[in-house]
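Q: Please find one structure pasted underneath; my questions will follow.
The values are calculated or read from the model by the stated rules, or taken from the named source; none is laboratory data. This one's a predicted model, so the numbers in the text were calculated from it and none came from an experiment. Neighbour counts are summed over all protein chains in view; Cβ atoms, including those assigned to glycine, are modelled from backbone coordinates with ideal geometry.
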Amino acid sequence: MSNPRVDILAHPTARLLGSREPLEMDFGRVLEAALKAHTALEINGSMYRLDLNDVTAKAAQESGVHLAINSDAHSAAQLDQIRYGVFQARRGWIEARSVINTWPWTKLSRWINSRRRA
């Protein structure tokens with residue numbers, strides 16, 4: 001996450017619903033590293049992932065870590081999966097202020113550029 005070209009950590013726990021449990025990790029340390037590096041964590045809307053879950057997403061927001069909601073689409077037909085990511089965020093009481101892809105372009109581009117200059 002400390003690499004200035006890594007803006008968002010995708011698949012933060014690597015879980016696949018029904019086939020792979022989340023990685024065993026100290027999620028608090030992941031949050032500390034993300035906060036220090038100003039790296040956002042993904043809420044993946046794929047019905048096979050939903051990673052982060054509601055609890056970990058809420059913990060990220062409460063720690064001050066930014067989030068990005070993603071559809072995980074591999075084709076245009078899958079773009080509507082974004083709604084599952086939004087549902088997941090709602091379950092975790094995630095606010096728009098914490099989700100970088102809800103920000104106006106000027107705010108988002110400033111955030112991206114500030115990360116790369118750091």
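Q: Return a yes/no flag: does the stretch 52-68 have any residue that is in contact (Cβ under 8 Å) with a residue 12 or more places away in the chain, of a type in the set (Gly, Ala, Ser) and more than 17 Å from His11 (Cα to Cα).
A: The answer is yes, given that some residue of the stretch 52-68 is in contact (Cβ under 8 Å) with a residue 12 or more places away in the chain, of a type in the set (Gly, Ala, Ser) and more than 17 Å from His11 (Cα to Cα).
Q: Does Val86 satisfy the criteria of being part of a helix (DSSP H, G or I), closer than 20 Å to Val6 by Cα and not basic (Lys, Arg)? Quick ask: steps written out before the conclusion?
A: Working: part of a helix (DSSP H, G or I): yes; closer than 20 Å to Val6 by Cα: no; not basic (Lys, Arg): yes.
Judged against the criteria, Val86 is not a match.
Q: Just for the stretch 57-83: of the residues that are within 21 Å of Met1 (Cα to Cα) and β-branched (Val, Ile, Thr), which one is farthest from the chain's Cα centre (by Cα)?
A: Ranking the candidates gives Val65 first.
Q: Any residue at all in the stretch 28-49 that's hydrophobic (A, V, I, L, M, F, W, C), over 15 Å from His11 (Cα atoms), at pLDDT 95 or above and touching a strand residue (DSSP E or B) at 6+ places or on another chain (Cβ under 6 Å)?
A: no
Q: If you don't mind, another one. Inspect the stretch 43-65 for any residue being among the hydrophobic types (A, V, I, L, M, F, W, C), part of a loop (DSSP other than H, G, I, E, B) and out of contact with any helix residue (DSSP H, G or I) (no Cβ under 7 Å at 6 or more places or on another chain) and give the result as yes or no.
A: Checking the stretch 43-65: not a single residue is among the hydrophobic types (A, V, I, L, M, F, W, C), part of a loop (DSSP other than H, G, I, E, B) and out of contact with any helix residue (DSSP H, G or I) (no Cβ under 7 Å at 6 or more places or on another chain).
Q: A follow-up question, please. Name the residue that is surrounded by the fewest Cβ atoms within 10 Å (Cβ to Cβ), counting only residues in the stretch 99-110 that are of a type in the set (A, V, I, L, M, F, W, C) and touching a residue at least 12 places away in the same chain (Cβ under 8 Å).
A: Checking each candidate, the answer is Ile100.
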